[in-house]
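Written below as structure tokens is the structure these notes are about.
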Amino acid sequence: MPDVQPLVSDFVLKLKRRKVEGSHAVARQTGELLRSLVSQHRMGSTNQAAALADAIRAVGEHLIAANPIELAVGNIVRRVLHIIKEEDISSTAVGIEGLSVTAVSDDEYDCGNDDRPTLSAAVLASHARNTLRAPSLQTLLDDIPVSTALSHSASSAGDSDGKAGDKSLKTRKLKHDVIAAIGDLIEEIDTCYDQISEQAVELIHQNEVILTLGRSRTVKEFLYAAKEKKRSFRVFVAEGAPRYQGHVLAKELVEKGIQTTVITDSAVFAMISRVNMVIVGAHAIMANGGVIAPIGMNMVALATQRHAVPFVVVAGSHKLCPLYPHNPEVLLNELKSPSDLLDFGEFSNCMNFSTQDGTPLLNVVNPTFDYVPPKLVSLFVTDTGGHSPSYIYRLISEYYSADDLVVRRMSTS
């Protein structure tokens, strides 16, 4: 893959240098890179799906390691692995439609009149169970690619004439279908704002007071949609120190004619009793329903619990992560530059020059994210609809499969 490797290296470098930040941008560019990887991948004559998955997994290791805090990278890698598996199962199921089922019989007439390749009823029944079985934790751990066992049975029972051509056709179809499915995934990422915003009119009612923190594009589009539906409401925007992205959001809302009030983060508890609903964005949604969100969000969630105010999280499905916050490979936070809080020149007066190395007397900690436990979340609004925190695990299982557990262990191996 001579044309893809420079793209991989360039994207890895961007992730390491934080040139690409934000779940939406990271997810989209990861999807585009993996689509290019699939299109340039040379499919072998055997185990095409497994070889393609291995190539995706190898690239995924480098991407995840480049910036572990961007969980959207791993999410898209896992989604693509799931796509490969699903397309392989689909093509295998189509392939066995031309195979006849045989049972133990002494009737020579029946055996002589059907020259199609045959499979035993047990093999087909096993395939049907594996294909139709709902995913569970046990099946995720014990899952075995159906195509491997099925192709072995077919090759031992079928006729060898014409197999090379059939394999070549199946290979091209698998590759085409995977590329098309990744294209659908990228489109899903691009349209998530529209899908989520369509639900705004169902949640935001006339003359309500909404509170949010910082700046989230998903929240902004959500509020825009409610305004376009002639909803009259007021928004309190907590400024989101130390980067003060709430100031930017407040200006954007005012430009759309939405009544907006900027408050300090420390004023959230004082103002929460006047609020009907809190609507916030998220950096990632974990498998237990917990949320990784901008710093200060846990304080807002505690305030809503204290005053019985609904805490609503709006996020695209590309932010759904099959990992749990206690997994060792999950990096919940990272520290930003102290210059967001204090100028570097101010540190010169805070050094202890009595020691040889000039140990500073003042330390500045500037974390990026907060963790909000699922018990503090009232509702998740995604591009697939509204869901309670307890349903997130089931929702995630629809997007990921057994290969995800392999990717999950990448950063620790």
Within segment 171-189, considering residues that are out of contact with any Ser or Thr (no Cβ under 8 Å at 6 or more places or on another chain) and among the aliphatic types (A, V, I, L, M), the one surrounded by the fewest Cβ atoms within 10 Å (Cβ to Cβ): 180
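For every residue, the table says whether it meets (1) hydroxyl-bearing (Ser, Thr, Tyr); (2) in a loop (DSSP other than H, G, I, E, B); (3) open to solvent by 30 Å² or more (accessible area, probe 1.4 Å).
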{"residue": "220", "(1), (2), (3)": "no, no, no"}
{"residue": "223", "(1), (2), (3)": "no, no, no"}
{"residue": "234", "(1), (2), (3)": "no, no, yes"}
{"residue": "241", "(1), (2), (3)": "no, yes, yes"}
{"residue": "247", "(1), (2), (3)": "no, no, yes"}
{"residue": "252", "(1), (2), (3)": "no, no, yes"}
{"residue": "261", "(1), (2), (3)": "yes, no, yes"}
{"residue": "266", "(1), (2), (3)": "yes, no, yes"}
Looking at this structure, is residue 212 touching a Cys at 6+ places or on another chain (Cβ under 9 Å) and open to solvent by less than 20 Å² (accessible area, probe 1.4 Å)? no
Of all residues in segment 1-24, how many are within 19 Å of the chain's Cα centre (by Cα) and among the β-branched types (Val, Ile, Thr)? 2
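Given the criterion hydrophobic (A, V, I, L, M, F, W, C), in a helix (DSSP H, G or I), farther than 30 Å from residue 273 by Cα and modelled with pLDDT under 95, identify the matching residue among 150, 185. Show your work before the answer.
Numbers: 185 fails: modelled with pLDDT under 95.
Among 150, 185, only 150 is hydrophobic (A, V, I, L, M, F, W, C), in a helix (DSSP H, G or I), farther than 30 Å from residue 273 by Cα and modelled with pLDDT under 95.
Does residue 85 fit the bill of being under 21 Å from residue 399 (Cβ atoms) and among the basic types (Lys, Arg)?
Details: under 21 Å from residue 399 (Cβ atoms): yes; among the basic types (Lys, Arg): yes.
Yes.
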Return yes or no: is residue 391 among the aromatic types (Phe, Trp, Tyr), in a strand (DSSP E or B), modelled with pLDDT of 70 or more and open to solvent by 60 Å² or more (accessible area, probe 1.4 Å)? no
Quick one: what pairs do we get from segment 233-261, first residue more than 13 Å from residue 296 (Cα to Cα), second of a type in the set (D, E, K, R) and in a strand (DSSP E or B), C-beta under 6 Å, 6+ apart or different chains? 233/208; 259/234
Within segment 7-24, the residues that are within 13 Å of residue 63 (Cα to Cα), in a helix (DSSP H, G or I) and open to solvent by less than 80 Å² (accessible area, probe 1.4 Å) are 8, 9, 10, 11, 12, 13, 14, 15
Any chance segment 190-202 includes a residue that's under 19 Å from residue 310 (Cβ atoms), crowded, with 17+ Cβ neighbours inside 10 Å and in contact with a Gly (Cβ under 8 Å, 6 or more places away or on another chain)? yes
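For segment 296-341, enumerate the residues that are basic (Lys, Arg) and assigned to a loop (DSSP other than H, G, I, E, B).
Applying the first criterion (basic (Lys, Arg)) to segment 296-341 yields 306, 319, 336.
Once the filter is applied, which keeps residues that are basic (Lys, Arg) and assigned to a loop (DSSP other than H, G, I, E, B), segment 296-341 yields only 336.
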Within segment 285-313, the residues that are over 16 Å from residue 370 (Cβ atoms), open to solvent by 10 Å² or more (accessible area, probe 1.4 Å) and touching a helix residue (DSSP H, G or I) at 6+ places or on another chain (Cβ under 9 Å) are 306, 307, 309, 310
Being surrounded by 15 or more Cβ atoms within 10 Å (Cβ to Cβ), more than 16 Å from the chain's Cα centre (by Cα) and closer than 25 Å to residue 292 by Cα narrows it down to one of 55, 50, 27, 66, so name that one. 66
Just to verify a result, which residue in segment 322-337, among those that are out of contact with any Phe, Trp or Tyr (no Cβ under 8 Å at 6 or more places or on another chain), farther than 22 Å from residue 389 by Cα and modelled with pLDDT of 85 or more, is surrounded by the most Cβ atoms within 10 Å (Cβ to Cβ)? 336
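On the basis of being over 22 Å from residue 314 (Cβ atoms) and either at pLDDT below 95 or outside any strand (DSSP E or B) (or both), does residue 362 make the cut?
Numbers: over 22 Å from residue 314 (Cβ atoms): yes; either at pLDDT below 95 or outside any strand (DSSP E or B) (or both): yes.
In short, yes.
Hey, can you tell me all the residues within segment 291-334 that are of a type in the set (S, T, N, Q) and either more than 20 Å from the chain's Cα centre (by Cα) or within 19 Å of residue 216 (Cβ to Cβ) (or both)? I'd like the intermediate steps shown before the answer.
Quick first cut of segment 291-334, residues of a type in the set (S, T, N, Q) only: 298, 304-305, 317, 327, 333.
Listed by number, the residues that qualify are 298, 304, 305, 317, 333.
The values are calculated or read from the model by the stated rules, or taken from the named source; none is laboratory data. As the structure is a computational prediction, the values presented were derived from the model and not from experiment. For neighbour counting, all protein chains shown are included, and Cβ atoms are generated from backbone atoms with ideal geometry for every residue, glycine included. With ligands, DNA and RNA removed, areas are computed over all heavy atoms of the protein, side chains included. Shrake-Rupley method; radii C 1.70, N 1.55, O 1.52, S 1.80 Å.
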